[in-house]
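Taking it in order: structure first as structure tokens, then the write-up.
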Amino acid sequence: MSGDGTRCVHGGDGRDHEVGAPVHHGPVLTSAFHLGLPEQAVSGADIYARADNPTWREYEAAVGGLDGGACTVFGSGMAAIAAVLRAFGSRERGVLLPADGYYVARALADEELAPLGVPVGYCSTAGDWIAAIAEHRPGLVLLETPSNPGLEVCDVAAVAAAAHGIGAVVAVDNTTATPLGQRPLDLGADLVVASDTKALAGHGDLLIGHVTAADPLHAERVRGFRTRGGAIAGPMETWLALRGLGTLDLRLARQAENARALALALRETPGVHDVRWPGLADDPSHPLASRQMRRWNGVLRFTLRDVPAVSEFLRRSTLVDSATSFGGLRTAADRRARWGDAVPGGLVRLSCGVEDTDDLVADVTGALGA
């Protein structure tokens, strides 16, 4: 297998390199395709842009190659999660989700699936998933590891083995780790879901997501939900995400370098508590994370005294944006309790960008020290 950087740059490039052909194909911006005469067969051809698009296929080939399965692109990460929950949750078996995972996924389960009679159960990311699976006996288990925003970790292989023992499907939200940091399908998961809006696209200028399946039948089912539900990605957004994917390896390396330096500096900064980043050797998540993750990323968390302290920090910083997304070029901080997460009011999820490490550490520690 080629290295991470090579696969990011050349993933999805299955074209013949004919003389005079463009090195970089642009997005296919059409809603309809030529069908030919009525008696002509159209099997395998593009017929309508809600069903397929050449730009999707190029992106899906690239991301699927990184994940290790068959990829289906969606219009957002939540569209991807919604497709998985609706495709594999049922009234008979229900779904089991992380209690400390992304809050909108929980809201979708509670407010849309539960009223339709789909049983919804929860387990904290660092909790006893084996016992929760035995208790709820779900048809779908959705994990998020490292979790957002707590950065807790669960054992994907162990959960997958327990879930498969009762015939359940296992999906892993891999948004925080990225496919360079973690390959859940290799650990036994059936599906990978992610908000590519974050690190894969990487520039904070589009919405996109994907689901990758190990089993072609699961991939076909997911793709059917996309076609019928219409939660499709625009070809321009898909093309931009493919362009951004080319630098994921480089961006992730700098973001992880910044996260390590900042996490160590924050531990020595007065008024900063509970600094968590799985890449630190003494972080509670590190032993497990180091076994199932290939690389670290740039997202960390810490807690300040209260809401005014977070506000003062953001006012004084010149490099940190107050924004709710993560994985982009610019460092961004988000006070997660404002969205309803069950975390302290002063908890900050900080996504390190690709700024110079010394500049970022000086800015953040200076703002906090002030």
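The values are calculated or read from the model by the stated rules, or taken from the named source; none is laboratory data. In this text the structure is predicted, and so the values were computed from the model without any measurement. Neighbour counts are summed over all protein chains in view; Cβ atoms, including those assigned to glycine, are modelled from backbone coordinates with ideal geometry.
In the same structural domain as residue 66 (by TED's automatic domain parsing) and in contact (Cβ under 8 Å) with a residue 60 or more places away in the chain: which single residue out of 195, 147 fits that description? Give the derivation first.
Working: 147 fails: in contact (Cβ under 8 Å) with a residue 60 or more places away in the chain.
None of the other options fit; the residue is 195.
Residue 217 is checked against (1) touching a strand residue (DSSP E or B) at 6+ places or on another chain (Cβ under 7 Å); (2) free of Cβ contacts under 8 Å to residues at least 12 places away in the same chain; (3) among the hydrophobic types (A, V, I, L, M, F, W, C) and fails just one. What number does that condition carry?
(1)
What helices (runs of 4 or more DSSP H) completely inside the stretch 76-147 contain at least 2 residues that are touching a Gly at 6+ places or on another chain (Cβ under 6 Å) and buried (at least 21 other Cβ atoms within 10 Å of the Cβ)?
Details: elements: 77-88, 103-108, 129-136.
Result: 77-88.
Filter the stretch 180-208 down to the residues that are crowded, with 24+ Cβ neighbours inside 10 Å, under 12 Å from residue 252 (Cα atoms) and within 10 Å of the chain's Cα centre (by Cα) and list them by number.
Hits for the stretch 180-208 are 199, 200.
Within the stretch 49-91, can you find the residues that are more than 27 Å from residue 244 (Cβ to Cβ) and not hydrophobic (A, V, I, L, M, F, W, C)?
86, 89, 90, 91
Looking at residue 42 and the list (1) at pLDDT below 85; (2) touching a Lys or Arg at 6+ places or on another chain (Cβ under 8 Å), which single condition is not satisfied?
Among (1) at pLDDT below 85; (2) touching a Lys or Arg at 6+ places or on another chain (Cβ under 8 Å), residue 42 violates only (2).
What is the one condition in (1) out of contact with any Lys or Arg (no Cβ under 7 Å at 6 or more places or on another chain); (2) surrounded by fewer than 19 Cβ atoms within 10 Å (Cβ to Cβ) that residue 321 does not satisfy?
(1)
Starting from the stretch 1-20, take each residue that is touching a residue at least 12 places away in the same chain (Cβ under 8 Å) and under 13 Å from residue 63 (Cα atoms) and list its partners that are of a type outside the set (Phe, Trp, Tyr) and part of a loop (DSSP other than H, G, I, E, B), counting only C-beta distances under 6 angstrom and pairs at least six apart or across chains.
Correct list of pairs: 8/246; 9/246.
Restricting to the stretch 148-178, what's the tally of residues that are touching a Pro at 6+ places or on another chain (Cβ under 7 Å) and not in a loop (DSSP other than H, G, I, E, B)? If you could, list the steps in order and put the result at the bottom.
Step one: filter the stretch 148-178 for residues touching a Pro at 6+ places or on another chain (Cβ under 7 Å), giving 151-153, 156, 168, 172, 174, 176-177.
If we keep only those that are not in a loop (DSSP other than H, G, I, E, B) too, we end up with 156, 172.
Summing the residues that are touching a Pro at 6+ places or on another chain (Cβ under 7 Å) and not in a loop (DSSP other than H, G, I, E, B) in the stretch 148-178 gives 2.
Would a scan of the stretch 32-55 turn up a residue that is assigned to a helix (DSSP H, G or I), crowded, with 18+ Cβ neighbours inside 10 Å and not hydrophobic (A, V, I, L, M, F, W, C)?
Step one: list which residues in the stretch 32-55 are assigned to a helix (DSSP H, G or I), which gives 54-55.
Checking which are crowded, with 18+ Cβ neighbours inside 10 Å leaves us with 55.
If we keep only those that are not hydrophobic (A, V, I, L, M, F, W, C) too, we end up with 55.
Scanning the stretch 32-55 turns up at least one residue that is assigned to a helix (DSSP H, G or I), crowded, with 18+ Cβ neighbours inside 10 Å and not hydrophobic (A, V, I, L, M, F, W, C).
Name the residues in the stretch 100-114 that are in contact (Cβ under 8 Å) with a residue 60 or more places away in the chain and over 19 Å from residue 344 (Cα atoms), would you? Steps first, please.
If we filter the stretch 100-114 for residues that are in contact (Cβ under 8 Å) with a residue 60 or more places away in the chain, which is where we start, we get 100-103, 105.
Result: 105, single match.
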